[in-house]
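One structure below.
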């Protein structure tokens with residue numbers, strides 16, 4: 001039998017907040033029925049599979065850490081098994097700086113990844129585009145060599161260089177954008193010619209080309225002087241261009257975007273965005289929702305099962321031997337608000353407080369206190385009243401203040417289908433916020449009014 | 001089956017020893033990459049690192065010191081000579097790069113947006129780098145990064161780099177011990193006064209703002225000191241024209257220590273700046289109820305009454321100021337203005353003369369006196385006073401050219417001569 005301290009280490013490391021699950025991972029839990037019937041295969045996948053040759057552009061929306069990347073990786077595999085060639089990239093991995101992002105960055109990132117993945121396609125249109133503008137980029141590329149003297153590979157790698165420079169070199173960032181911006185229509189044209197040729201040369205069995213740009217939801221909203229944000233600019237003002245690539249497109253979008261004053265514009269432009277809501281652990285009335293609760297508990301148990309496999313601790317009842325009581329695990333699940341990454345953090349914090357199993361209530365409570373502090377620091381003083389309003393009405397207004405609260409995960413979104421089969425969408429403050437004194441005070445005021 | 005019932009809403013405070021044990025567990029258990037945040041103050045960093053090393057002899061532990069000029073975190077880590085061996089890397093000094101940024105102020109609650117338009121643009125380079133490179137950090141380094149930060153920097157990360165903060169495997173907090181608080185309080189309190197704050201750069205003010213706020217968040221701070229720090233914070237905010245913030249700092253301080261005349265006085269001044277005159281008068285009254293001999297409070301109270309056009313009461317208030325301090329030339333001068341508004345010219349002139357007897361080179365009083373004589377239709381006296389004012393400060397010549405106060409005497413030759421005198425050529429030719 002493995003020493004208990006090593007088992008704890010394995011359990012601790014199985015609650016990983018920074019790595020999405022690869023498709024087919026055994027610890028993955030299918031939660032569609034408690035996430036408003038959200039199913040990437042149906043919601044996003046079918047649109048692509050049924051569209052035949054017509055290009056589609058879809059938005060995938062959800063709170064940070066809700067599990068979007070995990071779902072998209074599953075979708076990727078599913079599409080690949082169904083005749084699609086998928087170019088998937090994490091936009092912020094090499095190309096986009098989430099703290100200062102603009103549309104051009106995304107276009108360049110898409111170009112670079114298409115070039116990398118569609119090796120068979122004729123890159124001539126893109127190379128000519130770059131050649132025609134070489135003189136204006138030359139000084140930025142730090143190369144003395146004339147474009148035509150570069151080997152084809154090196155010519156193409158210049159796209160990557162531009163993209164990387166935008167992300168990694170803040171001083172060059174504005175300059176590159178300024179120079180590329182006027183030429184985006186011609187870049188899109190060139191890219192579409194490249195895509196058209198690429199589609200003809202897809203590996204056998206593949207008939208569709210899909211681009212999935214993940215992690216765009218990490219882009220931090222930056223308001224300008226008029227109160228508009230870079231989100232508005234990227235996803236609305238530039239939507240024509242964002243949609244213009246002649247293949248199937250899926251972009252992840254910050255959840256706050258769907259609640260802007262211009263939500264209708266967004267809908268007109270992209271159709272209904274597919275939202276990945278929280279796992280509904282409680283009902284709107286504040287009662288435990290058993291199916292949601294069972295799912296999120298399964299998220300914990302699967303990870304513990306995987307971590308304890310072969311240690312001699314496998315198969316222990318989770319709500320006695322791993323956690324001290326059913327109440328402890330219930331409380332952690334409840335406090336996560338149905339948010340997967342929050343759950344990972346709470347479990348890690350709780351495990352940090354113990355040397356032996358089972359994990360006692362005190363450790364869980366300590367984890368909750370710690371997590372609550374983060375939310376106390378997240379909320380600005382004038383926001384408590386707004387949060388109290390959300391707690392009372394379970395609704396949000398379409399204005400900047402609430403978008404911010406959604407972005408910071410102080411307000412969470414839940415969805416379910418009622419008895420008539422109607423989709424019901426409701427909001428609640430993060431359960432960790434409910435225990436904060438400032439919030440309680442604000443809630444009292446609201447109920448007195 | 002639980003026998004004891006748990007109050008889950010209850011906050012469960014921790015002890016430093018417990019918190020330290022939890023940190024040790026997290027560090028021991030982390031295999032490979034990880035991000036951990038530790039809140040502690042500067043002075044305790046060394047001790048903390050030493051204790052961690054003692055407790056985890058099996059781990060290779062190093063530290064990386066960042067400065068305000070550090071920009072490339074990834075490179076700094078890559079260049080560490082023993083990088084391959086390091087299991088745990090303490091990262092110190094990230095806070096230094098945050099002070100120069102407008103948004104830090106916003107995170108710290110300075111939001112007088114009417115006065116400043118805050119920009120969220122421009123991210124501290126080191127933080128941008130950290131955020132951009134974090135996938136590479138995860139993929140390329142088998143290191144658990146432990147960021148040692150003060151509270152404000154943690155708040156900053158929560159607001160400005162939420163996704164990066166989300167990657168943490170834990171946050172551990174070590175509030176200051178009593179002696180550390182004493183030391184830090186003395187240091188913060190000794191360094192700088194209102195006049196210094198006025199001269200400081202935004203970055204300097206921001207640093208001080210962060211330091212005071214962090215100290216205010218310390219659980220073991222006494223209420224007296226809390227009040228003192230809040231007064232200091234109000235001074236700092238007022239110096240930065242953050243009047244709304246200054247006001248709320250003062251209110252908070254006055255809740256703790258209502259018998260502080262200086263705070264009531266400052267509150268009055270701040271309210272006056274915000275053009276909330278009635279409330280300003282209330283605050284001056286509170287200050288004067290405790291300390292009736294503060295002539296500046298009577299004087300400023302007079303100014304607020306004047307702006308409300310309650311002239312008789314204003315005169316009364318200036319009189320009170322002068323009863324305490326007959327040498328308050330500003331009070332004599334403003335009293336003169338109010339009397340002039342009431343067209344009590346003789347008394348007004350008398351009041352200006354009192355100001356000028358105390359301060360013969362008070363150009364403002366000469367100018368006001370000139371206006372007064374002009375309204376009173378005494379051209380010679382008006383011109384004589386205006387001449388004094390212009391001799392002391394030539395800007396009054398320009399002012400007199402358009403000031404309607406002189407409409408009565410504008411056609412007078414000597415007035416014309418005086419305000420045209422020494423004017424530039426083109427005007428002279430005209």
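For the segment A:222-228, counting C-beta atoms of other chains within 10 Å of every residue's C-beta and taking the mean gives 2.
Taking 20 °C and 1.002 mPa s as conditions, the protein assembly as shown diffuses translationally at an estimated 68 µm²/s according to Stokes-Einstein applied to its Kirkwood radius (Cα pairs).
Of the residues B:14, B:71, the one with the fewest other Cβ atoms within 10 Å heads the list, and the complete ranking is B:71, B:14. Relative contact order of chain B: 11 percent, from C-alpha pairs under 8 Å at least 6 residues apart in sequence. Give me P(r) over the stretch A:1-138, computed from all C-alpha to C-alpha distances, binned every 5 Å, as integer percentages. Each 5 Å bin holds this share of Cα pairs: 2, 7, 12, 16, 17, 15, 11, 8, 6, 4, 2, 1, 1, 0. The P(r) of the stretch B:179-361 has a tail past 20 Å containing 59 percent of all C-alpha pairs.
Given R0 = 45 Å, the distance between the Cβ atoms of residue B:262 and residue B:11 translates into a calculated FRET efficiency of 0.80. Panel order for A:4, A:280, by other beta carbons found within 10 Å of each beta carbon, from fewest to most: A:4, A:280. Take every pair of alpha-carbon atoms less than 8 Å apart whose residues are at least six positions apart; their mean separation over the length of the stretch B:16-174 yields a relative contact order of 43 percent. The separation of the stretch A:97-126 from the stretch A:23-56, counted between C-alpha centres, amounts to 25 Å.
Contact order for chain A, expressed relative to its length and based on alpha carbon pairs under 8 Å spaced 6+ residues apart, stands at 23 percent.
Between residue A:33 and residue A:225, what length comes free when the chain is fully extended (0.36 nm per residue of separation minus the Cα-Cα distance, one decimal in nm)? Taking 0.36 nm per residue and subtracting the Cα distance, the gain is 64.9 nm.
Where only DSSP H runs of four or more residues are counted, chain A gives -14500 deg cm²/dmol as its mean residue ellipticity at 222 nm, each run worth -39500 (n - 2.57).
With all pairs of separate Cα atoms included, the stretch B:16-174 yields a Kirkwood hydrodynamic radius of 16.3 Å.
Of interest is the spacing of the C-alpha centroids, which for the stretch B:377-421 and the stretch A:315-379 amounts to 80 Å. Ordered by the number of other Cβ atoms lying within 10 Å of each residue's own Cβ, fewest first, A:289, A:248, A:63 fall into the sequence A:289, A:248, A:63.
Any chance you could give the angle, 0 to 90 degrees and rounded to 10, that helix B:311-324 forms with the longest Cα principal axis of chain B? The angle comes out near 80 degrees. Between the helical axis of B:363-375 and the dominant principal axis of chain B, each derived from Cα atoms, what acute angle in degrees is found, rounded to the nearest 10? Once rounded, one gets 40 degrees. Secondary-structure-derived ellipticity at 222 nm for chain B, considering helices only, amounts to -18500 deg cm²/dmol, per-run term -39500 (n - 2.57) for DSSP H runs with n ≥ 4.
Taking the longest Cα principal axis of chain B as reference, the axis of helix B:329-341 is set at about 60 degrees. A straight line joining the Cα centroids of the stretch A:240-261 and the stretch B:164-236 runs 43 Å. Applying 1/(1 + (r/R0)^6) with r as the Cβ-Cβ distance of residue B:31 and residue A:157 and R0 = 41 angstrom yields a FRET efficiency of 0.70. If R0 is 41 Å, the Cβ-Cβ spacing of residue B:293 and residue B:201 corresponds to a FRET efficiency of close to 0.65.
Computed from the coordinates by the stated procedures, all read-outs in this text should not be read as laboratory data. Since the model is a prediction, treat every value here as computed from it, not as a measurement. All Cβ positions, glycine included, derive from the backbone under ideal geometry; neighbour counts span all protein chains shown.
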